[in-house]
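See structure below.
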Amino acid sequence: MIKVSGLEKEFKIMTHKSGMVGATKNLFSRKHTTVKAVADVNFEIQRGECVGYLGPNGAGKSTTIKMLTGILVPTRGSISVNGITPFENRKENAKQIGVVFGQRTQLWWDLPPIESFDLLGKIYKVPSSKLKKNIDNFIDILDLEKFLHTPVRKLSLGQKMRCELAAALLHDPEILYLDEPTIGLDVMAKDSIRQFLKKINEEDKVTILLTTHDLDDVESLCKRVMVIDNGKLIHDDSIASLKGRFGNYKNLELDLENDEEVHLPVGCELVRRDGKKIMVEFNTDIIKAPELITNLAGKHSLIDLSVHERPIEEVIKRIYQTEV
Amino acid sequence: MRENISIYFTLLKAYTLGQMSYRSSYLYEMLGMAILTLVNICGIYIIFETFESVGGWSFWEVVYLYGLTTIAMGIAQLLASGLNHIPEFVRTGDFDRYLIRPISPLVHILPYSFALHRVGRLIQGVIALVVSLYMRGIDPGGFELWIICSTLFSLMIVYFALFLIGATFTFWTIQSAELFNAFTYGGMEMSKYPVSIYQPWLRNIFLFIIPVGFVSYYPTVILFNKHEPLNSPEFFQYITPLVALCFLAAALKFWKFGIKHYQSTGS
């Protein structure tokens, strides 16, 4: 459904000289440095997939999404979305996609959501019976009724995001691009948005590409994760394989009775220590959890312990570090 | 096209309703505009006090050009006022949202703000135009009306195109856009007088590169039956709407080219 090959985007950045003299020089001589925001990115996304797109700030996530949506023109490479090249046929492409930018509203600031929906229906030429059906449906599942007639600028972040989602889906797009959809939201709001996305992905078969900093988003929604760093794709596979990529690690949290020195067996590493609280990371290929616990319980008196999967944050941090 | 116009008016209605609360300031602004018009016409009068005629054109003939320019500029500004927001959209990256919609970004942005107070200026232009025609003793028949209307239309199109070109420059730098606006407003000042009075290099810029002078000067020569000192080909007098539309087409091409250079902002 989405096919991207050899995709690159370079930005020319003007080098500014500072001060009055510098500013005058800037007027006459423009020096550019070229920055590669996206470098040779290749991937394919099938209909109905929900793919997480991760990477640190400035890695090229948003730039990729902006090229997919037709906002930016790639420097090199090709994009095909359902057979359409977005930057050449922007308007055609717009009809089949929905876009939500977490930090940028698609709604009209001074208008209540319901009027924004009507305007969007006109812009997307959604037949009025269908528009009404879709709006009613979203009011129902996103629970928009209470603030449907309040100007958007007066809504809370969570309310606004629910409206954004409805707005992006009014014209029944086949693909939904989400750029940081849960940014700044509280746990409850995040959860309701995830449930909604899961529903439209599973029931309505909307293909989703999602960038986020919140790995819970990815873990609860996506089976596949792409990781980009410095403009290059460094991982494109399942979440499980992302976790497995650096051996099978788990974390053991310990509460000691006494503040004493701890001797760890082979395959373990002390991650942090806060007085009697200790966090140990261990490789399950070398030492299994019961073995490790028996070992430690024999040497120290323990008050409490718990074993966790290594959080995906850690995994990704590792990937970034090894790439550097 | 019809769909675009319908979307334009739907958006216009939505935006304008949101602006109604600022109505009291409209009144003051209109008053300010009225005083400005008066000062401008006094300025023209003072020139004629000293020189009697400018390049063979009488006071009322120049007031006619002034009226033409004011009306055309007024309508163009009214239609193009949404373009004023483009530098801000480009700087903040909000322009993104106009590129992910299935309609032209222009249809989307033009109705964004509608500077209703500019209507006051338009009215003053109309008064200047009507009075000047009366004082000059022109009795507008079909032919005269056609010339006046087609000149207004052409001049308005050229100004609109100039605003569009200026807005397009912001896809590169804001400064270049401001530099270009010097031509737009410079052109407005130029077309208030017959272009034949200017130095050839300056005249040629506003006749053939930025055709503000072209579309206002030649038809007015016929209207007042003036001697034409430049010895331009006679058909120039009849092709002004065509020249204006070509200029607009070029501006639209440039706009589309500019959009491809839009760089957005980091998130």
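Mean projected area of the Cα convex hull of region A:247-323, taken over all directions, amounts to 5.1 nm².
Put a dot 7 Å past the Cα of A:Ala240, heading toward its Cβ, do the same for A:Lys299, and the two dots end up 3.4 nm apart. Partner shielding of A:70-78 amounts to 3, given as the average count of beta-carbon atoms from other chains within 10 Å of each residue beta-carbon. Using a 1.4 angstrom probe on protein heavy atoms only, the contact between B and A buries about 2800 square angstrom of accessible area, both sides summed. Geometric descriptor of chain B, per residue, is 148 Å³ (volume of the convex hull of the Cα atoms).
Can you give the extra length, in nm with one decimal, that the chain gains between B:Leu12 and B:Ile127 once fully stretched, where that is 0.36 nm per residue apart less the Cα-Cα distance? Don't skip to the answer; put the middle values down first.
On the way: separation 115, 0.36 × 115 = 41.40 nm, distance 2.74 nm.
Length gained, B:Leu12 through B:Ile127: 38.7 nm.
Among A:Lys154/B:Lys256; A:Lys91/B:Lys256; A:Lys3/B:Lys260; A:Lys36/A:Lys61; A:Lys95/A:Lys154, which pairs are too far apart, with a Cα-Cα distance over 24 Å?
Details: A:Lys154/B:Lys256 35 Å; A:Lys91/B:Lys256 13 Å; A:Lys3/B:Lys260 21 Å; A:Lys36/A:Lys61 13 Å; A:Lys95/A:Lys154 29 Å.
Checking Cα-Cα distances, A:Lys154/B:Lys256; A:Lys95/A:Lys154 exceed 24 Å.
Distance between the modelled labels on A:Met14 and B:Leu179, one decimal in nanometres: 0.9 nm (7 Å Cα→Cβ projection). Listed values for region A:150-156 are Karplus-derived 3J(HN,Hα) couplings in whole Hz (6.51 cos²θ - 1.76 cosθ + 1.60, θ = phi - 60°), namely 9, x, 4, 5, 8, 7, 6, and x replaces Gly and Pro.
Of all aspartates and glutamates in the structure, those lying under 13 Å Cα to Cα from A:Lys277, and not within fewer than 8 positions of it along the same chain, are A:Glu253, A:Asp255, A:Glu257, A:Asp259, A:Glu260, A:Glu261, A:Asp304.
Please identify the GluC sites (Glu not before Pro) of region A:214-304 that satisfy two criteria: DSSP loop assignment and at most 14 other Cβ atoms within 10 Å. Which are they?
On the way: sites: A:Glu219, A:Glu253, A:Glu257, A:Glu260, A:Glu261, A:Glu269, A:Glu281, A:Glu291; in loops: A:Glu257, A:Glu260, A:Glu261.
For GluC sites (Glu not before Pro) across region A:214-304 that sit outside H, G, I, E and B with at most 14 neighbouring Cβ atoms in 10 Å, the list reads A:Glu257, A:Glu260, A:Glu261.
Scoring A:73-79, B:216-222 by mean Cβ neighbours within 10 Å over their residues and listing the highest first yields B:216-222, A:73-79.
Computed on protein heavy atoms with a 1.4 Å probe, the accessible areas place A:Asp118, A:Asp217 in the order A:Asp118, A:Asp217, largest first. Quarter the surface of the alpha carbon convex hull of chain A and you get the mean projected area, 22.9 square nanometres.
Normalised per residue, the accessible area of region A:2-243 is 45 Å², obtained with a 1.4 Å probe and no contribution from ligands, DNA or RNA. Each residue of region A:45-58 is assigned a 3J(HN,Hα), and the resulting list reads 10, 8, 4, x, 6, 10, 10, x, 10, 10, x, x, 4, x Hz, derived from the Karplus form 6.51 cos²θ - 1.76 cosθ + 1.60 (θ = phi - 60°), x at Gly and Pro. Mean partner shielding of peptide A:117-126, defined as the number of other chain Cβ atoms within 10 Å of each residue Cβ, is 3. Peptide A:59-67 has a mean shielding of 2, counted as Cβ atoms of other protein chains within 10 Å of each residue's Cβ.
Of the peptides B:150-158, A:230-238, B:121-129, the order by per-residue mean of other Cβ atoms within 10 Å, starting with the highest, comes out as B:150-158, B:121-129, A:230-238. Build a GNM of chain B with springs between Cα atoms under 10 Å apart, and of B:His108, B:His227, B:His85 the one that fluctuates most is B:His227. For region A:247-323, carbon and sulfur atoms together expose 48% of the accessible surface, with a 1.4 angstrom probe and every protein chain in place. Among beta bridges identified by DSSP and lying wholly in the protein assembly as shown, the antiparallel ones come to about 70 percent.
With all pairs of different alpha carbon atoms counted, what Kirkwood hydrodynamic radius in Å does the protein assembly as shown show? List each step's numbers first, then the result.
On the way: mean 1/r = 0.0350 Å⁻¹.
After inverting the mean inverse Cα-Cα distance, the result is 28.6 Å.
Remark: spin-label model distance A:Asp204-A:Lys250 equals 4.0 nm, labels positioned 7 Å along the Cα→Cβ axis.
The values are calculated or read from the model by the stated rules, or taken from the named source; none is laboratory data. Since the structure is predicted, the reported quantities are computational estimates derived from the model, not experimental observations. Note that we place each Cβ from the backbone using ideal geometry, even for glycine, and neighbour counts take in every protein chain shown. Ligands, DNA and RNA are excluded from the accessible area calculation, which covers all protein heavy atoms including side chains. Shrake-Rupley method; radii C 1.70, N 1.55, O 1.52, S 1.80 Å.
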